[in-house]
1. Scanning for something more than 10 Å from chain B (Cβ to nearest Cβ), part of a helix (DSSP H, G or I) and crowded, with 18+ Cβ neighbours inside 10 Å, does region A:80-98 turn up at least one residue?
2. Among what's in region A:29-38 and is without any contact (Cβ under 8 Å) to a residue 40 or more places away in the chain and crowded, with 19+ Cβ neighbours inside 10 Å, pick the residue that is farthest from residue A:207 (Cα to Cα).
3. Mind counting the residues in region A:14-45 that are in contact with a strand residue (DSSP E or B) (Cβ under 6 Å, 6 or more places away or on another chain) and under 19 Å from residue B:107 (Cα atoms)?
4. Could you grab me the full set of residues in region A:1-18 that are touching a residue at least 12 places away in the same chain (Cβ under 8 Å), within 11 Å of chain B (Cβ to nearest Cβ) and in a loop (DSSP other than H, G, I, E, B)?
5. I'd like to check something: does region A:46-63 contain any residue that is touching a strand residue (DSSP E or B) at 6+ places or on another chain (Cβ under 6 Å), within 11 Å of chain B (Cβ to nearest Cβ), surrounded by 21 or more Cβ atoms within 10 Å (Cβ to Cβ) and assigned to a loop (DSSP other than H, G, I, E, B)?
6. For residue B:196, work out the one condition from (1) loosely packed, with under 15 Cβ neighbours inside 10 Å; (2) not assigned by TED's automatic domain parsing to the domain that holds residue B:38 it doesn't fulfil.
7. Restrict the check to region B:24-45 and report whether at least one residue is away from every other protein chain (no Cβ under 13 Å) and part of a helix (DSSP H, G or I).
8. Return a yes/no flag: does region B:78-91 have any residue that is within 20 Å of residue B:212 (Cα to Cα) and either at pLDDT 95 or above or assigned by TED's automatic domain parsing to the domain that holds residue B:132 (or both).
């Protein structure tokens, strides 16, 4: 199967510690890199995880709190020094472009590539914000202290597999195979028509990954996340700190797990830990009680889909 | 002797690597912390070196290249979250305040302490920019691609030591000792006057530390740096890369050592290494040939003065 993996570069929260970096992830989908959030130090974590800057094309920012965005100017500065030429696309809520422009102009001067800003909608809805041959990216409505959204990466279903036995039996030339994979049928010299479905069998379904951080508990998102293979959800607080979670518009581990259970996702990965927990086993235990297929995110972790 | 130490938090140059952080240092002078430059990730390095945020009061920025300043907003954000109340003083060239204000307002909102900007003069001269009971800080003229200056920390001479034997002999009461240390003499009940100099002996001279980065070779700075205890000087390039040093307004290791020799400093510490050198022994060797008391800076190093 083609590569679809998620690199956790940072899964701490606002106060950075020596245990956890601020939020950042990189999705490697068929050797194209998509970044979600970019806290301070993200460029170094990319190096640590052997992720090539040249393959990075799109950056999606969930919201404009410092621990999710302050690594971006240093990253752009480095891309400039490395002589990048291909455009870099940044998806963020307003007024990010306005804030960034003077800093990019000053600190990354003579940027040899274009930085394209895409403003994320502020309404709380599902929007298709990016699409290419292999993936669709949708926003996920979240609820935080400022405009915030998650991101749903849905791989497009791969082309169907060709039925080798039929190809051989019908003597179909190799150069026709691609057309058949795309949906065509085949007519023999005798005029007999074989529809597409008889010449192929369906490929695996497209895989999916959802990122939800920062947010308070949004139970209404369950249908939207239904059946995703991996859900990364913030679990900033433990059950005992529930009031603090509600007050700061964050989730508890139990709430993350409840959503995972209601959406019947494949696996749940929790992160965005408050710095108050020296050991996140407590959060893991609370989530696992509700949804057993839960894992703790950690820096350097690579999730294979 | 009272504490005067320099913590090297970053001694790499513009391209961050897994070996070196961008520029940052913290001087601990009698338990008060002064920061010089603040590249990305500096706050984490402070934690790693067990330097307390609450003791940090003044930050001096040599110039406005990203690798010297991009850790500042994340640091201020953290100080805010920690509930700091005492003011933070930042010394930098224009237009730093103008650039920073919108970012601090947006990303560190409701900062519970005042951030006081002090604009550094752009002329290439020695200026006294800060002074308290224990230290004077002067700018050092440098030559770079933009306004840039070094910093000279000169400890004020400590108060003289009291001569215990004289105090006992003359039956001087304990509560008078401080006045005598400050320069007063003493008159006995019989009217005999003992001048200050007979009651004390001189303390050690004040120690001094100079930071010069980023800059091309400035041989005219030798008199100004004459006799400083420790000189930190950038040595971005080796002799073979001299043309590149000249072109980018940086120094070679040999040039740093030449200045150290001409100024007859106590020790030279070199840093701001170009990322092209996997091993800086080459730079150390080139400098040591000219000035033997040379050391390589490294992250976590603590220089005792």
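1. no
2. Taking the candidates together, the pick is A:38.
3. Residues that pass the stated criteria total 9.
4. Result: A:13, A:14, A:15, A:16, A:17.
5. Scanning region A:46-63, I find no residue that is touching a strand residue (DSSP E or B) at 6+ places or on another chain (Cβ under 6 Å), within 11 Å of chain B (Cβ to nearest Cβ), surrounded by 21 or more Cβ atoms within 10 Å (Cβ to Cβ) and assigned to a loop (DSSP other than H, G, I, E, B), so the answer is no.
6. (1)
7. No, region B:24-45 contains no residue that is away from every other protein chain (no Cβ under 13 Å) and part of a helix (DSSP H, G or I).
8. The answer is yes, given that some residue of region B:78-91 is within 20 Å of residue B:212 (Cα to Cα) and either at pLDDT 95 or above or assigned by TED's automatic domain parsing to the domain that holds residue B:132 (or both).
The values are calculated or read from the model by the stated rules, or taken from the named source; none is laboratory data. Note that the structure is a prediction, hence the values are computed from the model and not measured. When we count neighbours, we look across all protein chains shown, and the Cβ atoms used for this are built from the backbone with ideal geometry, even at glycine.
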